[in-house]
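FYI, it's all coordinate maths here, none of it is from the lab. What you see is a predicted model; the values in this text were computed from it and never measured. Cβ sites come from the backbone with ideal geometry, for glycine too, and all protein chains shown count toward neighbours.
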Amino acid sequence: MAVQVRPAGVGIADSVSQPPPRLPGLLTPARRAGRVARMGFLGTAILAFWADVDPSGEADYVDWHNREHMPERCAVPGFRRGRRYVAVAAAPKYFMMYETETLATLASPAYVERLNNPTPWTQKCLALFRNSNRTACRTTASLGGGIGGAIATIRLGPSPGREQALRQWLVAEALPTILERPGISAAHLCEADVETTTVKTKEKDIRDKPDEVARWVVLVEGSDADIVDRTCREALAPKILEARGAEPGAVTGLYALHHIVEA
């Protein structure tokens, strides 16, 4: 049943990559995407991707991502906007995200065709990726009035039997309250879809090892990194999340906006 969202007006240290999850049992059951508040994400699903890049090819990676990869992805039907962020206090170093019209976009023939036919430049740059986490998500809630210059990503999952309680608290209380803070521009909850995430493609074979997968992803956007950091420490610290039904071990990273492309 869809979650209806009403439009609303932990100190972050270097994190470590999460171990690969037990699929599919670790992920929550399939659910329809929530109704998204006006001016939130441009669609009802996202592709979230964290990765380090081998320093020997990092300049080439940034050039490829700006000039070829993001424009190519945003030309796929259903892709609405792509963003790249660089770490302020986070690991992996880069966070990349695409907003799509629906979850089906991320398993569509047009997108899978690109994944199975990478360009020579794509093949070269994907071989530089390390510690990748690639997760296709349904958007459960998306609140806000714009894109912030900084973003916090929180990778978490519900404890057994507490999924609905955690989701309800985030959607109805935590995220709308966060959005009222000065300097916060948007807040989102996204939940992984294992079937869409684990489609086998040639691009996955190029990366150094199988991608990790997040369970749930909370994203908090704001005008600068200090504001976002303080908000997460005060409102979404690991102990607060655990008290509301999250499993221990939530991973928070703080990133600055690096590049953006719209379809």
Give me the dipole magnitude in Debye, nearest 20, for the chain about the Cα centre, with unit charges on the beta carbon: positive for Lys and Arg, negative for Asp and Glu.
640 debye
Give the shape of segment 125-220 as rounded, prolate or oblate, defined through the alpha-carbon gyration tensor: a ≥ b ≥ c are the square roots of its eigenvalues, a/c under 1.5 means rounded, and otherwise the shape is prolate if a/b is larger than b/c and oblate if not.
oblate
Between A59 and E113, what FRET efficiency follows from the Cβ-Cβ distance if R0 is 22 Å, with the result rounded to 0.05?
0.15
What ³J(HN,Hα) values, in whole Hz, does the Karplus curve 6.51 cos²θ - 1.76 cosθ + 1.60 give for segment 244-261 when θ = phi - 60°, with x put for Gly and Pro?
9, x, 7, 5, x, x, 4, 10, 10, x, 10, 9, 10, 5, 10, 6, 9, 9
Please list 49-62, 165-178 highest first by mean number of surrounding beta-carbon atoms within 10 Å per residue.
165-178, 49-62
What does the convex hull of the alpha-carbon atoms of segment 45-262 project to on average, in nm²?
11.1 nm²
Everything considered on the Cα gyration tensor (a ≥ b ≥ c; rounded for a/c under 1.5, else prolate if a/b is larger than b/c, else oblate), segment 163-263 must be described as oblate
Net lengthening on full extension, R162/I260 (0.36 nm per residue, minus Cα-Cα):
31.7 nm
All lysines inside 19 Å of K209 as judged from Cα atoms, apart from same-chain residues fewer than 8 positions distant:
K93, K124, K200
With each run of n ≥ 4 DSSP H residues scored as -39500 (n - 2.57), what mean residue ellipticity at 222 nm is computed for the chain after dividing by its residue count and rounding to the nearest 500 deg cm²/dmol?
-6000 deg cm²/dmol
